[in-house]
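Data first, discussion second: the structure below is written as C-alpha cells.
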Amino acid sequence: MSHYALQVLNLLAALLLLITFAMLSQRRILSLIYLFTLHGATLVATALVVAYVTHDNQLYFSAGLTFLLKVLLIPWILHKLILRLNVKWDVEPLINIPSTMLVGIVLVIIAFNLALPVAKLSASIARGTLGIALACILLSFMMMITRSKAVPQVIGFLAMENGLFFAATAATSGMPMIVELGIALDILIGILILGVFMFQIREQFDNLDIHNLESLTDD
C-alpha cells in the first residue's frame, strides 16, 4: 500500500508544480483564482493520502481546514472582490511570459538541489517531494514580485503558503495543530485586510496597480 501511496503522492506533487507554473503564466485574474482553487484541492488530496498512510488523525483535520479555507472560502472571497471591483483586465506581468517561464525553470532546478540534502534527513514517506514543495514556494514568490496588480500578488502569497504547507507535509508529515490553526486565522484576517486595502486603492486611483502608491506623499 505504501508503494501505491507514494506513487499517488508523486503524482499530486507533480500536479501541484504544474498548477503553480500555470499560475505563473496566467494573465486573466478569474482564471488565476480557479487555478488557486485547484492548487488548494491538490494540497487537500496530498494531506489525505499522507494521513491515510501514517494514520495521523490531525492531518485529516488539517485537510478539512485547508478545504474549507483554500478551496471554498478564500476563492469565494476573491471572486466576490473582483466582481465588486469590476476587475476584467488581463494581468500585466512586469516581465514577459517566456522570460518568466525560463526563470521559473531555473528556480525549479535550484529548489531541487537545495532540497536534496534536507530530504535525506527526513523520515516522511513524502520526503522525495520536498524539492517540488520548495520549487512551488519560489515560483509563488516570483509570481508576487513580477505582478503589478494587487489581486495576483495576494494569490501569489496564498500559493506560497500552500507550498509551505506542502513542504511541512512532505518533510515532517504535518505541522502541530496549534500552528496550523494560527496560520489559518492569520491568512483569513490577512485576506479581509487586503480586501479593504484593494477597495481603498480602487477608490483613490480607479485601478489596482500598486505602483500608484508611489505617487502618495505625506501632507
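Read the figures in this text as sums done on the coordinates, not as results from a lab. Keep in mind the model is a prediction, meaning the values are calculated, not measured.
Between Ser31 and Leu72, full extension at 0.36 nm per residue minus the direct alpha carbon distance yields a gain of 13.2 nm. In segment 24-68, inverting the average of 1/r over every pair of distinct C-alpha atoms gives 11.4 Å as the Kirkwood radius. Around the amide H of Arg28, modelled in the peptide plane, lie the amide H atoms of Val91, all under 5 Å away and 5 or more residues distant in sequence or on another chain.
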